[in-house]
1. Report, in deg cm²/dmol and to the nearest 500, the calculated mean residue ellipticity at 222 nm for the chain, where each DSSP H run with n ≥ 4 adds -39500 (n - 2.57) and the sum is divided by the residue count.
2. What is the spin-label model distance, in nm, from Thr101 to Ile184 if the labels are put 7 Å beyond Cα along the C-beta direction?
3. Across region 114-190, what fraction of all alpha-carbon pairs, as a whole percent, falls in each successive 10 Å bin from zero upward?
4. I'd like to know which of Leu238, Ser209, Val265 lies farthest towards the positive end of the charge dipole of region 188-269, counting +1 on Cβ of Lys and Arg and -1 on Cβ of Asp and Glu.
5. Round to the nearest 0.05 the FRET efficiency obtained for Arg33 and Thr264 when R0 = 35 Å and r is the Cβ-Cβ distance.
6. Among Thr101, Val129, Met113, which residue has its Cα positioned farthest towards the positive end of the charge dipole of region 79-142, with +1 placed on the Cβ of Lys and Arg, -1 on the Cβ of Asp and Glu, and the dipole taken about the Cα centre?
7. How much FRET efficiency would the formula 1/(1 + (r/R0)^6) give for Asp66 and Leu222, where r is the Cβ-Cβ distance and R0 is 35 Å, rounded to 0.05?
8. So if each residue of separation counts as 0.36 nm, and I subtract the Cα-Cα distance between Gln250 and Gln229, what length gain in nm does that give?
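What follows is calculated from the coordinates using simple rules that are stated; it is not laboratory data. Predicted model, so just to flag it, every value in this text is computed and none were measured. As a convention, Cβ positions derive from the backbone with ideal geometry for all residues, glycine included, and neighbour counts pool all protein chains shown.
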Amino acid sequence: MCQQTAKPLIDHKVVFHGAGSMAEAIVRGLIARSVIYADNIVMLNRSSSERLAELRSRYGVNGTNDPEHKDEYLRTSPVIVLAMKPKDAAAAIRDLAPLLTDGQLIVSVIAGMSIRTIQGLLGKKQPVVRTMPNTSSSIGLGATGIAFSKEVSEEQRKLALNIFEAVGLTTVIDEERMETLTGISGSGPAYIYYMMEAMIAAGIRGGLSKEQSAELTVQTVLGAARMVQQTGEEPAALRKKVTSPGGSTQAALEVLDKGDFFETVIAAVSRCAERSREMGAALEAELAAEGENN
């Protein structure tokens with residue numbers, strides 16, 4: 001009996017306006033999980049033919065930086081993922097505006113740019129999905145926050161979720177919570193890496209080789225995360241299980257408490273969220289000033 005190839009979840013063109021590392025991470029996940037056929041993915045950039053050739057060779061996707069071809073793809077694709085650098089975003093979105101029709105979905109992975117700002121640059125109430133993925137998306141273990149403009153249809157919501165579920169976990173939030181999410185999952189990998197740096201350094205100072213210390217640290221962090229995930233227990237409960245009264249783990253935690261570790265981490269997350277808001281406000285002020293000067 002002949003077995004038919006499963007139909008992909010997304011059966012039309014998706015254009016990535018920008019071909020950097022985050023765009024590649026998403027494309028890798030989409031193809032690896034058979035969410036879309038590679039020849040339905042189009043990647044655009046401004047000038048680097050070498051980068052586009054690399055992506056074509058690696059994933060079998062389409063790519064171009066030819067202005068006429070770019071405009072045609074942007075004019076006809078049902079989904080456009082804005083994945084350019086923040087400094088290039090305003091000009092690119094303004095140039096995109098006259099090419100769009102009402103039903104095309106805009107998906108943004110641009111940090112700090114609000115739905116209101118994107119719609120303002122487009123000059124119309126286009127359906128917009130704002131997302132905040134993190135770098136773990138590149139290995140399919142990302143955590144992505146998603147917010148929708150009111151113009152986004154139910155079908156478009158599902159489509160956006162399908163895209164980001166291909167690279168990890170997704171959570172739908174109100175847009176005003178996006179900065180808090182940035183402080184936790186957007187920048188969160190860096191906090192864990194920093195903790196790992198310190199643990200590796202401690203091992204080396206204690207006489208372990210760099211390789212031994214790194215290997216033990218990585219496995220410890222991986223195992224701790226999996227324990228929380230697989231047991232469903234709260235981190236606090238698991239911590240208590242490995243902390244014997246008067247034991248070595250308790251002694252270590254007491255040192256962390258003396259350094260106000262718990263509140264310092266909370267303060268770091270809060271400052272990250274605050275800085276994200278500041279950057280978004282600065283971008284909006286810059287764009288408003290440009291508008292007044294034009």
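1. It lands at -17000 deg cm²/dmol.
2. Each label point lies 7 Å from its Cα, and together they span 4.0 nm.
3. P(r) for region 114-190, in whole percents per bin: 20, 48, 29, 3.
4. Positive-most Cα among the choices belongs to Ser209.
5. Calculated transfer efficiency: 0.40.
6. Met113
7. 0.20
8. Going from the current span to full extension adds 5.2 nm.
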